[in-house]
């Protein structure tokens with residue numbers, strides 16, 4: 001049902017007339033110092049692709065790279081404990097996994113989910129007139145860079161950690177109640193990059209109102225003094241030919257919109273009449289910074305417009 005054609009979040013295979021199999025894999029190096037938190041974030045991130053497709057995770061396999069000869073296995077146990085706790089929170093089961101000796105720590109999961117075929121969401125069916133809702137704030141890449149640079153402390157990064165470790169489960173459940181046409185999650189290509197993927201796959205123009213995009217506390221301040229990772233500039237360069245930025249948009253906000261995210265929220269295109277109610281429900285369920293951030297426009301050429 002869904003393959004590689006539109007850079008979607010997961011692959012989908014029609015197993016029976018009533019069951020679609022949804023599969024994804026994701027793993028990365030540590031973004032935080034605490035091994036337990038790293039495990040939680042890595043698994044929340046891997047599960048996110050399943051939720052973005054409108055599916056429910058069922059089983060998972062660990063993927064582990066670890067320097068067993070030079071690092072205490074206690075760190076690995078904490079990583080795996082954090083991951084397992086997050087998987088159980090999602091209601092899925094760990095079936096096994098694979099590990100290799102590596103000089104650099106890497107962790108994540110291959111996840112299998114299921115959905116009714118008619119409930120599968122993709123990034124390729126956004127409709128002109130739809131509103132855009134973002135379920136989590138952005139800025140994790142910039143704050144992680146500031147932490148590594150010693151400009152903020154661990155306490156200043158706590159809220160970012162909790163947002164990254166927050167499952168997109170609640171957002172996916174709420175999404176099923178509304179007239180949603182398309183969905184994707186916001187991760188390594190930043191909000192601009194993933195919006196452009198949706199615009200390209202759906203053959204539409206997407207307008208993002210930069211001033212409405214929710215930001216993590218401190219992210220704007222750190223971006224304004226240059227704590228911008230290389231990945232952010234790479235995202236801007238890659239998208240530049242199809243992104244139009246209004247002259248009145250704060251350039252610091254543009255950096256934030258291109259910031260590579262880890263375990264970001266869902267970017268949802270839905271009937272404009274439903275957007276305010278969906279945001280209200282998301283906030284009431286703990287996603288306190290969920291916001292309506294833009295609209296989908298008719299266009300012959302896929303494009304992202306950054307408006308004030």
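With a ≥ b ≥ c the root eigenvalues of the C-alpha gyration tensor of segment 11-119, is it rounded (a/c under 1.5), prolate (a/b larger than b/c) or oblate? Prolate shape, in that a/c is at least 1.5 and a/b is the bigger ratio. Let me know the shape class of segment 78-155, please: from the alpha-carbon gyration tensor, a ≥ b ≥ c as square roots of the eigenvalues, rounded when a/c is under 1.5, otherwise prolate if a/b is greater than b/c, or oblate. Here segment 78-155 falls in the oblate category. Across segment 131-307, Cα-Cα pairs more than 20 Å apart make up 49 percent of the total. When both bridge partners sit in the chain, DSSP labels roughly 70% of those beta bridges antiparallel. Estimated purely from DSSP H runs of n ≥ 4, each contributing -39500 (n - 2.57), the mean residue ellipticity at 222 nm for the chain is -11000 deg cm²/dmol once divided by its residues.
Where in segment 92-118 is the amide nitrogen less than 12 Å from a point lying 7 Å along the Cα-to-Cβ axis of residue 15? In segment 92-118, the label zone of residue 15 (backbone N under 12 Å from the point 7 Å along Cα→Cβ) covers 112-117. Taking other Cβ atoms within 10 Å as a rough exposure proxy, 236, 40, 116 sort from fewest to most as 116, 236, 40.
When each of 71, 227 is scored by the number of other beta-carbon atoms lying within 10 Å, the sequence from fewest to most is 71, 227.
Note the listed values [x] 19.0; [y] 15.5; [z] 17.3, then indicate which one is mean projected area of the Cα convex hull in nm² calculated from this particular structure. Here mean projected area of the Cα convex hull in nm² agrees with entry [y]. In terms of surrounding Cβ atoms within a 10 Å radius of their Cβ, 25, 2 rank from fewest to most as 25, 2.
Listed peptides 97-104, 120-127 appear in the order 120-127, 97-104 once ranked by packing, highest mean of other Cβ atoms within 10 Å at the front.
Any read-out appearing in this document is the output of simple, stated calculations on the displayed coordinates, not a laboratory observation. Owing to the predicted nature of the structure, the values given are computational and were not obtained by experimental measurement. Using ideal geometry, Cβ is built from the backbone for each residue, glycine included, and neighbour counts are taken over all protein chains shown.
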